[in-house]
1. Which three extents, in angstrom, do the Cα atoms of region 27-180 have along their principal axes, listed largest first?
2. For region 204-282 and region 97-125, what is the separation of their Cα centres, given in Å?
3. Are there GluC sites (Glu not before Pro) in region 199-273 that DSSP puts in a loop and that have at most 12 other Cβ atoms within 10 Å, and which ones?
4. For the chain, give the percent of accessible area contributed by carbon and sulfur heavy atoms, probe 1.4 Å, rounded to a whole number.
5. Quick check: from the Cα gyration tensor, does region 186-240 come out rounded (a/c under 1.5), prolate or oblate?
6. Can you tell me how much longer the chain between SER45 and LYS220 gets when fully stretched, taken as 0.36 nm per residue apart minus their C-alpha distance, in nm with one decimal?
7. Projecting each Cα onto the charge dipole of the chain (Lys/Arg +1, Asp/Glu -1 at the beta carbon, about the Cα centre), which of PRO76, TRP56, LEU183 comes out farthest on the positive side?
8. How much accessible area does TYR255 have with a 1.4 Å probe, in Å² rounded to the nearest 10?
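The values are calculated or read from the model by the stated rules, or taken from the named source; none is laboratory data. Since the structure is predicted, the reported quantities are computational estimates derived from the model, not experimental observations. For neighbour counting, all protein chains shown are included, and Cβ atoms are generated from backbone atoms with ideal geometry for every residue, glycine included. All accessible areas refer to the heavy atoms of the entire protein, side chains included, with ligands and DNA or RNA removed. Shrake-Rupley method; radii C 1.70, N 1.55, O 1.52, S 1.80 Å.
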Amino acid sequence: MRIFDPHIHMTSRTTDDYEAMYAAGVRALVEPSFWLGQPRTSPESFFDYFDSLLGWEPFRAAQYGIAHHCTVALNPKEANDPRCLPVLEALPRFLVKDNVVAVGEIGYDSMTPAEDTALATQLQLAADHGLPALVHTPHRDKLAGMRRTIDVVRESSLDPEHVLLDHLNETTVKEAADSGCWLGFSIYPDTKMDEDRMVAVLKAHGTEKMLVNSAADWGKSDPLKTRRTADAMLAAGFTADEVDQVLWRNPVAFYGRSGKLQLDVPAPRDLHEGNSILRGGE
Ligand SMILES: [Zn+2]
């Protein structure tokens, strides 16, 4: 089984996770830039973070046979801090990099005017750069947040076919599907979507344009949720081809719109800028 995790924050994960993901079938992933759990106070902190998503993290992933791409953006939460806004002006120099396959995560957190501006600006940046956009839907006020998100997408010049609406659930899937966007589901332990509910959503709404991700990060999460969902699909009677569509071909088709997806894993190098994952060991 081949798996593409279209949304996972490997910066927050260990080499054990990379090893377990490879063993479970993960061969490619996309790491969206996001909120690090603690507010950043200057744009330079973002730039160093984006550089690590473009350098160190693909280097680590290659050690474990996994192709690593990323998305960059000013995330919705930090779009509310005026100190972070210069990130918007600097984004074009990152968006042209080979490994950047979308603008993201963008969207709404608290649905403030500052978030409106950041979302509209970054949808335009995606359109200008021929990139798709990864749009996070809010965890609170989910349906209202998603409706407003879809309105902003419709007002933008970005084709809904280039937009992935993420963190969907049973309450938002129908309207999200009607919008013409791609549909992302984050499978978490204990809270929000789980793999059995995901299987029920796939039974009700089909496998077209559906993407499943672990969204694993520094919080309570599980980087193997993609595989667990695939297993739950098989147990529920989906075919291996349907599993491959959801867990591989759909994310490849969506991020492939960037024209930059490279699914051959580069040969692992010993060093990245003089450093290895062996931390000085042999
Ligand atoms: Zn995320």
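1. Dimensions of region 27-180 along the principal axes of its Cα atoms: 40, 36, 29 Å.
2. 22 Å
3. Taking region 199-273 and a limit of 12 other Cβ atoms within 10 Å, the loop GluC sites (Glu not before Pro) found are GLU208, GLU273.
4. Summing carbon and sulfur atoms, their accessible area is 50 percent of the total for the chain.
5. prolate
6. Residue separation times 0.36 nm, minus the Cα-Cα distance, leaves 60.6 nm.
7. Value computed over the given set: LEU183.
8. Rounded to the nearest 10, the figure is 0 Å².
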